[in-house]
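Bear in mind that the values in this text are calculations on the coordinates, not laboratory data. Everything numeric here is computed off the predicted structure, so don't read it as measured data. Every residue, glycine as well, gets a Cβ built from its backbone with ideal geometry; the counts of neighbours run over all protein chains shown.
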Amino acid sequence: MKHPKVSDCVKVFDSLWPPALAESWDSVGLAVGDPDAEVRSILLALDPMDAVIAEAVVLEADLVFNHHPLMLKPVKSVNAATLKGGAVHTLISNGIAQFNAHTNADSARGGVSDVLIALLGITDALPLAPHTPDQETESGTLPTGIGRVGDLPRPTPVRDIARILAEKLPRTTTGVRIAGDPAATVTRVAVCGGAGDSLFDEVRASGAEVYITADLRHHPATEACDTANRGDGRPQLIDVSHWASETVWLDSAARELEAEFAERGFTVALQRSAINTDPWVERY
Ligand SMILES: [Zn+2]
């Protein structure tokens, strides 16, 4: 067994979460690092926040694996006095690579929304927005794409679904909130890990009776309620913490990585970050 290089790690990541599945506006892949450098340990965290990078330095990790990009918007400089430049300098001066799988990890099977909807016992969900509408899938595999929709084993009140999510997701300051009718009994569930307020049309088209996502702002939420009330009353809304909705995926990502590195004959230590990157810390 040998340690992988950064380039070997990228091949493993890309095999699980193909970059071709990423949205066109996204930034995924290796942002910092020397492809020839050896990797003995990888730190997994949702966000490449300064505290996570500092943790990687202390743990002497060789690569930080994130869901969210370090540089989603293009930067014109990596001057260490700038926000992104400072992070890049810390990473490079400590010999740490940084990689992220974002919307490609949302879209892939076993990805962020699959893990989220599986908390409700739904394991055969279909994408809300298929990656390509006429994509050919290998026999026996489910299609890829953003968000998931599937059916609960039995009709369930929206407030019971919210309670299950509150119990199964990590505890957060912002909690789990319902818009619409908490007493409505629903079967068809749509989810989108992270901010999903761009998918209301797909949610309505899917016939979902409740939509679970994060970062729902006032206007999209009130307009969705009015649209529902003027129509067939669907969907009710459940808003969860962005961090919580996605961080649950990291455990399953670590398991998939462990198997894939072993399959390729590599030995590498995988560690989940101890840093909670949910920005909200108190509520009154
Ligand atoms: Zn996100």
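Some values worked out for this structure:
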read-out: Ordering of 205-211, 89-95 by burial proxy (mean other Cβ atoms within 10 Å per residue, highest first); value: 205-211, 89-95
read-out: Percentage relative contact order, the chain, counting C-alpha pairs under 8 Å, at least six apart; value: 21 percent
read-out: 4 °C / 1.567 mPa s Stokes-Einstein diffusion coefficient of region 164-215, Kirkwood radius on C-alpha pairs, µm²/s; value: 107 µm²/s
read-out: Helix axis angle, 6-16 relative to the chain longest principal axis, alpha carbon, degrees; value: 20 degrees
read-out: Between 0 and 90°, nearest 10: helix 242-263 axis offset from the chain longest Cα axis; value: 50 degrees
read-out: Rounded to 10°, Cα long-axis angle of helix 83-93 versus longest principal axis of the chain; value: 40 degrees
read-out: Kirkwood Rh in Å, taken over region 75-173 so that all alpha-carbon pairs contribute; value: 16.8 Å
read-out: Net charge dipole size for the chain [Lys, Arg +1 and Asp, Glu -1 on Cβ; Debye, nearest 20]; value: 480 debye
read-out: Area projected by the alpha carbon convex hull of the chain, averaged over all directions, nm²; value: 16.4 nm²
read-out: Rg/Rh ratio calculated on Cα atoms of region 13-116 (Kirkwood radius); value: 0.97
read-out: Shape box of region 109-240 [Cα atoms, principal axes, largest first, Å]; value: 39, 32, 27
read-out: Residues of type lysines that Lys84 reaches as a straight line, Cα spacing below 19 Å, ignoring anything fewer than 8 places off in the same chain; value: Lys73, Lys76
